[in-house]
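These notes are about the structure you will find just below.
Where a number appears in this text, it was derived from the coordinates with a stated rule and is not lab data. Source: prediction; values computed, not measured. As a convention, Cβ positions derive from the backbone with ideal geometry for all residues, glycine included, and neighbour counts pool all protein chains shown.
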């Protein structure tokens, strides 16, 4: 009779053992740690006012089975035509809310944050061939992406940028047929976020550099095989055609260009669109990555490829010009640095992997993520701390009527929580800039025009302002206006009945 234990690894089912080794491998354990990091990072991130109008737009699309092509939220734009560039992302946001309310929205944010970090980890692993260095690269992406974690469509857009880089890397190193996935990616991307234009530029950089072959010190260019280049060229042609699979046609394709060139007020005043301060943590990290990459190329003679240099230049220019683009720099630059550092840290060996310690760490990571996930009470407290929740209740209870003037940051929440009160302005800066309303409001809010002028032009009956608004200190000095509500977030002013203009 055999005395061998059925748990002896040598007698175990080889197929089961392979599955266990893959499912509880060291790289999977590191991915679990990144998922935990994602939850810990965003658990208190219910702080973006744009979430609410995205949520309302998704609700309208799901309820009407139609995509609005004109403004339906504001009374100041006269139903200005709009570009529904993020409609598909908005549908996913509303689906998360309909499934589980605020907890569903937080789960949406945790999922896409985790997906971005794990996808960045996979990208760095492909570039470097070293999972330990790749994990450090994923942490760098996590840091650079910290400027943009929010329940907003941009999370999907940046995830698709990582997916594009993965597809291009697989196409050039393994099988050119991977390039044929790009048209499907762009058909999805154009309906999710305006960053699809950056994706087209990135693909164009790879195609452009594929024609060159030279060596200048550590800077190299390798001409691609003709078949590989032709396949990428075909994929790009099909991708450009796929961009027209959207509800607004060419207007949606050119919208990101219009944002960069013509929406000057929004670019100049919204914090995330402002230039990067090089003395900030993000600016110092950007310089560190650039210097590290170039020093490795010079000192260690670590190769820097022509296409990588072009992507580094594009990512740096975008990040220096606009703070929110730090995440783009991280996605484009970190894989390059991890490839250069791939020999600096010994990679793990799969044959020496230990299943049960990895399984324990994965289980602990999932348990910690579940425990760190905020409950409904916590999420509601976050909403109330950062939005005019109580002010909206007061407005309803007081039966205030007539045209409302609201502060720019408050418009998004009003669109969701008080749809019966059309907003004056909100975070959709495009429609308000196209109609001139944003310029009028900026001059009024910054005390650069007669405060009576805007109020009289739009026959405003009451104002909902943030406590930090300069006009919150001016309206009390105007005899026809009276403050009737105040809290830590906002203040409400009403016009005296005798001074209200005729409708």
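Observations
- Beta bridges per DSSP with both ends in the chain, % antiparallel, nearest 5: 70
- The reciprocal of the average 1/r between distinct C-alpha atoms defines the Kirkwood hydrodynamic radius, which for segment 387-499 equals 14.1 Å.
- Extension gain for residue 222 to residue 457 (0.36 nm times residue separation, less C-alpha to C-alpha distance): 78.3 nm.
- Rounded if a/c under 1.5, otherwise prolate or oblate - segment 186-341, Cα gyration tensor axes: oblate
- Separation of alpha-carbon centers, segment 45-66 and segment 128-184, rounded to whole Å: 26
- Sequence of 62, 228 once ranked by neighbouring C-beta atoms within 10 Å, starting from the fewest: 62, 228
- Whole-Å distance, taken between Cα centres, linking segment 314-334 and segment 225-275: 16
- The distance linking segment 375-432 with segment 433-503 is 16 Å (Cα centroid to Cα centroid, whole angstrom).
- Using alpha carbons only, the radius of gyration of segment 171-263 set against its Kirkwood radius gives Rg/Rh = 1.06.
- Kirkwood-based Rg to Rh ratio, segment 398-449, C-alpha trace: 0.99
- Against the chain, whose longest principal axis is taken from its Cα atoms, helix 326-340 shows a tilt of about 10°.
- Length gained on full extension, residue 397 to residue 258, computed as 0.36 nm times the residue gap minus the Cα-Cα distance: 45.9 nm.
- Per-residue Cβ neighbour rank within 10 angstrom, fewest leading, 356, 317, 97: 356, 317, 97
- Within segment 387-499, percent of DSSP bridges classed antiparallel, to nearest 5: 75
- Distance between the pseudo-spin-label points of residue 343 and residue 356 (7 Å out from Cα toward the beta carbon): 3.9 nm.
- Fewest-first sequence of 170, 51, 243 by Cβ atoms within 10 Å of each Cβ: 170, 243, 51
- On the principal axes of its alpha-carbon atoms, the chain has extents of 97, 64, 46 Å, going from largest to smallest.
- Under 19 Å from the residue 269 label point (7 Å along Cα→beta-carbon), backbone N, segment 466-489: 466-475
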